[in-house]
Amino acid sequence: MKNKWLFAAIGMCILTITACKKDSPLLTAKDWLAGTWKLNLQGIDKNANGVFDVTEENTVPDSLAVNLQLKVQGTGFRIGANNTYVDSLTWALLNNDQLLNLNINDSGIIQHLYYKFNYTSQTLTLLDSNGSGTAYFRYYKRQN
């Protein structure tokens, strides 16, 4: 009788151990940023209050909207409205994922761009400054 209970207990342990799934790894900021983003708004924080007020926003019409395609491997494309141009790029996160670096190959000329950024699963806001304290922003929406 003891052997039956022992074998049953061992069998239950084996079933429990093999039935457990491995936890999926946590997504990194790079994982979240990978995807296609369409420029919707842009503007300048003219009153330097750190908030982008409605009067400071400019809606970007589809005829001028730029898409960023960011691949998790750190490559991608900047695509002009209606595919008018396609520029290859590399990208990386710097300063403990606080700064987004885009290196865009624009007809052989490399543009090195650095942005502070905020993101959610559906939005990406890029913030940059001209060094005089004036902040510029670009607001992107994730595309499916």
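The values are calculated or read from the model by the stated rules, or taken from the named source; none is laboratory data. None of the values given here were measured: they were computed from a predicted structure. Reconstructed Cβ throughout: ideal geometry from the backbone, glycine too, with neighbour counts over all protein chains shown.
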request  = For the stretch 120-134, state whether one or more residues are among the aliphatic types (A, V, I, L, M), within 17 Å of K30 (Cα to Cα) and either part of a strand (DSSP E or B) or out of contact with any Ser or Thr (no Cβ under 9 Å at 6 or more places or on another chain) (or both).
outcome  = yes
task = For the stretch 68-77, state whether one or more residues are loosely packed, with under 15 Cβ neighbours inside 10 Å, assigned to a strand (DSSP E or B) and aliphatic (A, V, I, L, M).
result = no
note = Taking first residues from the stretch 56-80 that are touching a residue at least 60 places away in the same chain (Cβ under 8 Å) and within 13 Å of A34 (Cβ to Cβ) and second residues anywhere that are β-branched (V, I, T) and outside any loop (DSSP other than H, G, I, E, B), the pairs with Cβ under 9 Å that are 6 or more apart or on different chains are L68/T36; L68/I79
note = Of the listed residues (T55, T16), the one being at pLDDT 80 or above and in a helix (DSSP H, G or I) is T55
inquiry  = Just checking, does the stretch 76-84 include any residue being over 15 Å from the mean Cα position of the chain (by Cα) and of a type in the set (F, W, Y)?
reply    = no
query = Any residue at all in the stretch 89-103 that is in a strand (DSSP E or B) and in contact with an Asp or Glu (Cβ under 8 Å, 6 or more places away or on another chain)?
reply = no
